[in-house]
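Some notes on the structure that comes next.
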Amino acid sequence: MIFDQLHYMILKMTPIIENLLMDFIRIQTEEFSAKELQEGFAPLDIHLSINEIEAYLEASPFIFALEGGKFLTRAGAFMGATFIIKPTRKEIEGGYLLVGHRCIPFVNSEVASGVLQFSFDNEILPRNVMEFPLREVLPFFSLFGEEYAIQFILSDPAARDSLLCSFEEELPQTVSLMVLDCSKLFKDWNFKRGDLLLAEVVDWRRGVIKIHPLCSHKENPFQQEPVDQQRREWYKIFEKRMLESFDTFGPCGAIEEQLARVFFMHKQELCRDSAGTIEEAIKHSKLIGMEPYGVESRLWFKGQEVPAVGPWLQSNVGLEESDSAAWSNEQLNAEMMLWPRVIFDSWIVDGLYNKKNNEETLINLMLGESTSALDLLKRKRLQGTIRSRRNKLEESYNWFADFERGPIRHRLLELHTKVFDLVLELDDVDDQLEGFPQQPLVILTQLSTHIQYMLESLLHDVHLKDEDVRAMAASLEGMEYNFEEVATELKLALKENYKHRFTVIKAKNKE
């Protein structure tokens, strides 16, 4: 259901439990089951059901599901994986390597590419800081999604200061970035344009990659060798497997996730010395393109619109079918809770900011105005849960520290309510959404996700600065505008759908 795609959060976990799970995912390299993970958490007094653990693992982009109820982390999947990096002419002449997106999907995408460590002949290559024209380095980050290129550039330690100082006004013309010092390597191996580096992941958690030169040293640049034909075959295989992934998985959560699935499933075919580079494979493909996906981009069939729904969407277990939700020591019947925890807690903090108890507002938003006997029972149980959460959040709440955040949080919650209401309307025609305009559906999904990310930052990021909040406010204006646009289009589609549900049969005139 579209509702599931937008608002279904499988677990209501505390940040501590989520951090422990992520730590486990970063270091675990062997196959494991949900039962083994459950048993490992038990001594820490963390008790999660098998269903909850499996749901979390199946939703995580850092986990691959195997047969027989087993799972494997990205760390386990790509430890020892090999891939190809092709230095540019400028890099060879300058004796450096700008990493950018070149190591995805094999490394942890949460680690800034500028701090990845590269070893050659058992020695870690040194890093330098270099200044580049910004327009020149943007293509090196394009596989993160062009819309996120600046964000990933900002994650580079050298870029952070040079960009942030002028980011509020306009992007600077130049940016400083961390690069690998490859001057000795390129010189000793007499690197020429077209020569390659074979890279191997040796430590996924720490982000360590071993490299080895692959130099042809051809006297005649037009001379063809067996490896050249093998590399051309690799490009055909890569293209074929990517196209298959579009049909099987649809547009994944990110370009990096799409690539990870393909390389995990076809590791033996694709991770080899005669491989090519992902960048060149996409650049020269006539069938794969970087296509718009709402306000983002995805790898997809070249020239085709990336749809929001399709056969790859498998029905998930709805919230109403799960047994319970893990809210620390609180147990809340999941049929009562349609929202992610961050939304629930944000509404409670909104009440603290406005210095009023918004218990009834919350209950009405969750249950509507129905007053059936069952809803009255839900209402009573929700009242207890809200009071308990309010008391817990109130312990650490500081009204003065929330002065800048409060108004933004309230606008985000109001926008979430509008998105939520529209999603419920769309949920009524879930089996017919393939006939709806797809980009508005995509944008609606992205709005929901962005609202949750922003609320999460407002709720938990103690280091969030006032300028960050103001940047959120500017972003929120665009989100509100986008919602009004897509809501108009989707409501027109809903109106047409309702109209065609009924066929008026006119009786024939009697002769």
Checklist line | Pairwise centroid distance, computed over Cα atoms, of region 468-499 with region 220-266, Å | finding: 36
Next item on the list: Assign one of three labels to region 34-182, namely rounded, prolate or oblate, based on the Cα gyration tensor with a ≥ b ≥ c the square roots of its eigenvalues; rounded applies when a/c is under 1.5, prolate when it is not and a/b is larger than b/c, and oblate otherwise.
Entry: prolate
Margin query: Between residue 190 and residue 233, how high is the FRET efficiency from 1/(1 + (r/R0)^6) when r is the Cβ-Cβ distance and R₀ = 25 Å? Nearest 0.05.
Written below: 0.35
Checklist line | Surface accessible to a 1.4 Å probe, residue 47 within the full protein complex, Å² | finding: 130
Check: When Lys and Arg each count +1 and Asp and Glu each count -1, what net charge do the other residues less than 12 Å away from residue 66, Cβ to Cβ, add up to?
Finding: -3
Note to self: Quick check: at a probe of 1.4 Å, how many percent of the accessible area of region 11-165 sits on carbon and sulfur atoms?
What the structure shows: 51
Notebook entry, point to check: Which of the GluC sites (Glu not before Pro) found in region 61-135 are loop residues per DSSP with 12 or fewer other Cβ atoms within 10 Å of their Cβ?
Noted result: 110
Next item on the list: Skip the ligands, DNA and RNA, and give the accessible area per residue of region 189-275 with a 1.4 Å probe, whole Å².
Entry: 52
Checklist line | Heavy-atom SASA rank of 212, 266 (probe 1.4 Å, accessible area, largest first) | finding: 212, 266
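With a sphere of radius 15 Å drawn around the Cβ of residue 305, what net charge do the other residues whose Cβ falls strictly inside it have (Lys, Arg +1; Asp, Glu -1)?
-2
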Next item on the list: Give me the accessible area of residue 90, 1.4 Å probe, in Å² rounded to the nearest 10.
Entry: 110
Check: Per residue, how many Å² of accessible area does region 449-500 show with a 1.4 Å probe?
Finding: 61
Item checked: Selection of GluC sites (Glu not before Pro), region 356-456, meeting DSSP coil and at most 14 other Cβ within 10 Å -> 369, 395
Check: Summing +1 for each Lys or Arg and -1 for each Asp or Glu, what net charge is found among the other residues whose Cβ lies under 12 Å from the Cβ of residue 295?
Finding: -3
Next item on the list: Please go through the residue pairs 35/380; 86/210; 240/267; 210/240; 302/418; 90/187 and name each one whose alpha carbons sit more than 25 Å apart in this structure.
Entry: 35/380; 210/240; 302/418
Note to self: Explain nothing, just compute: Karplus ³J(HN,Hα) = 6.51 cos²θ - 1.76 cosθ + 1.60, θ = phi - 60°, for every residue of region 154-159 in order, whole Hz, x for Gly and Pro.
What the structure shows: 5, 6, 6, x, 6, 7
Note to self: Using the Cα centre of region 90-163 as the reference point, and only Cβ charges (+1 on K/R, -1 on D/E), how large is the resulting charge dipole? Debye, rounded to the nearest 20.
What the structure shows: 60
Next item on the list: Return the loop-located chymotrypsin sites (Phe, Trp or Tyr not before Pro) in region 436-504 (DSSP other than H, G, I, E, B) with at most 12 other Cβ atoms within 10 Å of their own Cβ; answer none if there are none.
Entry: 502
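The values are calculated or read from the model by the stated rules, or taken from the named source; none is laboratory data. A quick note: this is a predicted structure, and the numbers were derived from the prediction, not measured. No Cβ is skipped: glycine too gets one built from the backbone with ideal geometry, and neighbour counts run over all protein chains shown. Only protein heavy atoms, including side chains, enter the accessible area calculation; ligands, DNA and RNA are left aside. Shrake-Rupley method; radii C 1.70, N 1.55, O 1.52, S 1.80 Å.
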